[in-house]
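Enquirer: Before I ask anything, here is the structure I am working with.
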Amino acid sequence: VCSVAGFLQKVPGKQSIISESIEFLIKEEYIQEEILQKLVQLGYERRQICDHYGTFSVKGGIVDIFPSHLNYPIRLDFFGEELEEIKSYDPDSQRSISNFDKITIFPVYEFALNAKEKKEYYECISV
């Protein structure tokens, strides 16, 4: 059961959300700056501590991300550009919960705009 407004609200299709997501696989190489730019594009906010949904933090070769679709944050542990380990952890104790071979990080919100789309949007509303 939902309201008429809720029923009429447009939401992106599954393929749209998947195409905007980031998939991480252990033993693959990634450029940290590209990861950070993509996370911001997907609506994540960089903070000193990754302690709530939609945030991420960076400490050397470790990138912590708290996706909105998971119960715990994810820690990506890099050695250089190679992703060595993916694990979930308790944000209070910092203790590991589970290890993964791969993980997909989805946008924080239903709609993630790229730089070109954001520019077009701001031009449209500033007229």
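The values are calculated or read from the model by the stated rules, or taken from the named source; none is laboratory data. Owing to the predicted nature of the structure, the values given are computational and were not obtained by experimental measurement. Don't worry about glycine lacking a Cβ; one is built from the backbone with ideal geometry, like all the others, and counts go over all protein chains shown.
Enquirer: Tell me, yes or no, whether segment 20-33 has at least one residue that is modelled with pLDDT under 95, assigned to a helix (DSSP H, G or I), under 10 Å from the mean Cα position of the chain (by Cα) and among the β-branched types (Val, Ile, Thr).
Expert: no
Enquirer: How many of the residues making up segment 54-79 are free of Cβ contacts under 8 Å to residues at least 24 places away in the same chain and at positive phi?
Expert: 1
Enquirer: If I ask for residues that are in a loop (DSSP other than H, G, I, E, B), under 18 Å from the mean Cα position of the chain (by Cα) and more than 17 Å from Leu39 (Cα to Cα), which ones from segment 73-98 would you list? Before the answer, list the steps.
Expert: Filtering segment 73-98 down to residues in a loop (DSSP other than H, G, I, E, B) leaves 73, 80-81, 90-95.
Right, trim to under 18 Å from the mean Cα position of the chain (by Cα) and you get 73, 90-91.
Hits for segment 73-98 are Asp90, Pro91.
Enquirer: Give the residues of segment 54-72 that are exposed (fewer than 14 other Cβ atoms within 10 Å of the Cβ) and under 12 Å from the mean Cα position of the chain (by Cα), sorted by residue number.
Expert: His69
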